[in-house]
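Here the structure comes first, spelled out in structure tokens, and everything after it is commentary.
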């Protein structure tokens with residue numbers, strides 16, 4: 001049997017169930033989401049555009065640590081998938097727990113690797129921006145608005161540790177972004193994971209060439225900040241206490257980007273994604289976007 005989600009104040013389009021049931025039949029271990037249109041129109045234009053234009057299913061997968069890439073009011077999934085994940089974390093509405101994000105990340109914990117191994121998606125989407133499955137109502141007092149930014153980051157960072165930092169290639173890594181988001185991300189890492197951060201990367205000349213120090217920890221956490229054009233330097237690649245080795249024998253460290261996409265800022269050389277691309281890393285493997 002299938003579970004089809006719908007918030008009480010949203011409006012379902014007539015073709016929704018038919019379209020999602022068809023997708024669920026061929027993707028039995030996926031969350032089937034759908035394109036939606038905001039009501040009232042234009043209430044959250046940037047978010048609506050992002051959610052509805054992610055490439056399906058690749059974009060839904062690659063941005064899994066930025067947000068819930070298929071929004072919960074559009075979900076359709078096999079009851080067995082729901083039960084295997086363990087259902088939702090139950091909490092009062094005012095608690096701001098982020099139940100949908102927790103479920104989304106647990107689903108990827110449970111099914112992501114096995115689905116990828118057999119070439120099946122874990123996230124798919126019905127409808128199109130021009131023909132959405134749902135009119136998704138927005139109001140200032142919605143449950144989503146009650147979940148703090150830090151709580152959402154905490155959930156996403158924990159999932160990133162479980163699924164990415166557990167991989168041997170990520171034994172040492174760098175954090176792109178020496179601003180608020182990069183520092184917040186590192187504060188949510190476990191002590192072990194934080195100790196594996198070899199460098200922070202930035203474009204701002206006022207930050208680069210210095211160190212970031214957090215005195216909340218004993219001993220203080222200290223990490224160099226390097227300009228992205230200098231990231232291949234030995235200083236950013238060699239763990240503290242290890243002898244330097246020839247540059248050509250080292251591989252570039254993997255990177256997690258903690259700057260919002262399409263962000264511009266001081267010292268910018270180009271758009272964020274274009275700068276990141278110069279590193280030659282592989283998104284979804286040695287490169288992930290967190291914000």
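The values are calculated or read from the model by the stated rules, or taken from the named source; none is laboratory data. Fair warning: this is a prediction, and the values are worked out from it, not measured in the lab. No Cβ is skipped: glycine too gets one built from the backbone with ideal geometry, and neighbour counts run over all protein chains shown.
Side notes on the structure shown:
- The range 232-257, subset farther than 21 Å from residue 184 by Cβ and surrounded by 12 or more Cβ atoms within 10 Å (Cβ to Cβ), residue modelled with the highest pLDDT: 252
- Any hit, the range 191-202, residues being farther than 26 Å from residue 109 by Cβ, free of Cβ contacts under 8 Å to residues at least 40 places away in the same chain and touching a helix residue (DSSP H, G or I) at 6+ places or on another chain (Cβ under 9 Å): yes
- Condition check for residue 229 on (1) at pLDDT below 95; (2) surrounded by 13 or more Cβ atoms within 10 Å (Cβ to Cβ); (3) within 26 Å of residue 167 (Cβ to Cβ): one failure, at (3).
- Answer from 196, 180 - the residue that is exposed (fewer than 13 other Cβ atoms within 10 Å of the Cβ) and at pLDDT 95 or above: 180
- Test for residue 44: is it assigned by TED's automatic domain parsing to the domain that holds residue 113, at pLDDT 95 or above and at negative phi: no
- Top-ranked residue of the range 162-173 - restricted to ones that are surrounded by 16 or more Cβ atoms within 10 Å (Cβ to Cβ) and in contact with a helix residue (DSSP H, G or I) (Cβ under 7 Å, 6 or more places away or on another chain), ranked as farthest from residue 205 (Cα to Cα): 163
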